[in-house]
Protein chains: 2
Amino acid sequence: MIRNTRQRTAVNAVFEELEGFASAQEVHARMRAGGDSIGLSTVYRAVQALVDDGELDSIRTDSGEAIYRRCSTRHHHHLVCRVCGRTEEVEGPTVERWADRVAGEHGFVDVKHTLEIFGTCAACHAPAEPSPVDAPADQR
Amino acid sequence: MIRNTRQRTAVNAVFEELEGFASAQEVHARMRAGGDSIGLSTVYRAVQALVDDGELDSIRTDSGEAIYRRCSTRHHHHLVCRVCGRTEEVEGPTVERWADRVAGEHGFVDVKHTLEIFGTCAACHAPAEPSPVDAPADQR
DNA sequence: CGGCATGTGAGAACTGTTGTCGACTGTGCG
DNA sequence: CGCACAGTCGACAACAGTTCTCACATGCCG
């Protein structure tokens, strides 16, 4: 049986008022800062329970930390500023179709995909930037 | 200056004879098992050096472990079978253009993206058909 | 209300990764 | 060839994120 506890409700609430991603530790810190008393273990447990329920989506950062977002409703992707962390949701039928087609051509079925776009947003890009023409060489 | 050392060559060799992904620890274990004496730190260093050189590609597993793969240096994406772990490289100008355009529309610059497609490959999807080309043993 | 399965939380333990530092060794030079 | 030395090695410590442990608390059901 699964109980409704103060802590579980509170974790849920954090993600409701949150935009973008948060790691378990951030959730914990935020709750502590907000006056809630909660253990780190409990945050992990609550977050994982929410993931199991499909209410949260989890991905990994490059550093290996798990971060969570509330957005399981409709399919979309994220555009993340690598400086300030601001996240925008974007949709793209184009890329959905492309992925399905490519996978199909290789005989794959039951296809899912993950796509994250990283960049520097206009605000973060404004300050001192050495190269006016900053064409990254490796990506196209 | 960058030296050619026995260890670095050996790590490189492991990925040459390897298909698919391997974690740093797997590389270390494999080398030890093969009689090579090498430190774990050295494996991490060598692997990261190879990633920096663009000779290896690194991603994270769901468990947070970093795994590495030798793949072509040009930009591409991976189509991964969630059953056997077989990986195919795919390219898609379409999706590159889409990502750049979408990011640009939001004022983002210096844009990169990651895209992984997961599915079940034809061989693994066939109900009672034991595929002649079976999964490599230690794929994730 | 009372019983008890379930949840909590502080801290220990664990895992993967990175840092440290003395010893070692390719590499370039004479 | 041999020497100097910067780059490298490797055992181990340190670290961060996550999971586990276990005594105690608490929501749920009758």
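Worth pointing out:
- Choice from A:Val95, A:Val109, A:Val14 showing the highest fluctuation, given a GNM over chain A with Cα pairs closer than 10 Å: A:Val109
- Computed with every protein chain present, the accessible area of B:Cys124 is close to 50 Å² [probe 1.4 Å].
- GNM on chain B, alpha-carbon springs under 10 angstrom: the most fluctuating residue among B:Thr42, B:Thr120, B:Thr61 is B:Thr61.
- For A:Asp57, inter-copy label distances in nm, listed shortest first [label point 7 Å out on the Cα-Cβ vector]: 2.1
- The charge dipole of the protein assembly as shown, taken about its Cα centre with unit charges on the Cβ of Lys, Arg, Asp and Glu (plus for the first two, minus for the last two), comes to roughly 760 debye.
- Buried surface between chains A and B: roughly 3600 Å² of accessible area, summed over both sides, computed with a 1.4 Å probe on protein heavy atoms only.
- Dipole moment magnitude, nearest 20 debye, segment B:1-71 about Cα centre, only Lys, Arg, Asp, Glu C-beta charged: 320
- Neighbourhood charge, 12 Å Cβ-Cβ cut-off, centred on B:Gly107 and excluding it, Lys, Arg +1 and Asp, Glu -1: -2
- Order of exposure, largest accessible area first, which applies to B:Ile2, A:Ile38 with probe 1.4 Å: B:Ile2, A:Ile38
- Prolate/oblate/rounded label for segment A:72-126 (Cα gyration tensor, a/c 1.5): prolate
- Heavy-atom accessible area per residue - segment B:1-71, 1.4 Å, Å²: 59
- Relative to the other identical copies, A:Asp100 shows label-point distances of 2.6 nm, where the label point lies 7 Å from Cα along the Cβ direction and values run shortest first.
- Taking Cα centre as origin and charging only the Cβ of basic (Lys, Arg, +1) and acidic (Asp, Glu, -1) residues, the dipole magnitude of chain A rounds to 480 debye.
- Residues B:Glu116 and B:Gln48, FRET efficiency given R0 of 25 Å [Cβ-Cβ distance, rounded to 0.05]: 0.75
- Counting only protein heavy atoms and a probe of 1.4 Å, the accessible surface of the protein assembly as shown is 49% carbon and sulfur.
- Ascending distances from the A:Ala33 label point to its copies in the other chains, with the point 7 Å along the Cα-to-beta-carbon line: 4.6 nm.
- Selected from B:Glu88, B:Glu65, B:Glu105 as most flexible by GNM, with chain B as the system and alpha-carbon contacts under 10 Å: B:Glu105
- Global geometry of the protein assembly as shown, whether rounded, prolate or oblate, following the gyration tensor of its Cα atoms and the 1.5 cut on a/c: rounded
- Between segment A:2-33 and segment B:89-108, the alpha-carbon center distance in angstrom: 33
- Largest-first principal axis extents, alpha carbons of chain A, Å: 50, 48, 23
The values are calculated or read from the model by the stated rules, or taken from the named source; none is laboratory data. For clarity, every value in this text was computed on a predicted model and none was experimentally measured. FYI the Cβ positions are ideal-geometry reconstructions off the backbone, even for glycines, and counts take in every protein chain you see. These accessible areas exclude ligands, DNA and RNA; they are computed on the full protein's heavy atoms, side chains included. Shrake-Rupley method; radii C 1.70, N 1.55, O 1.52, S 1.80 Å.
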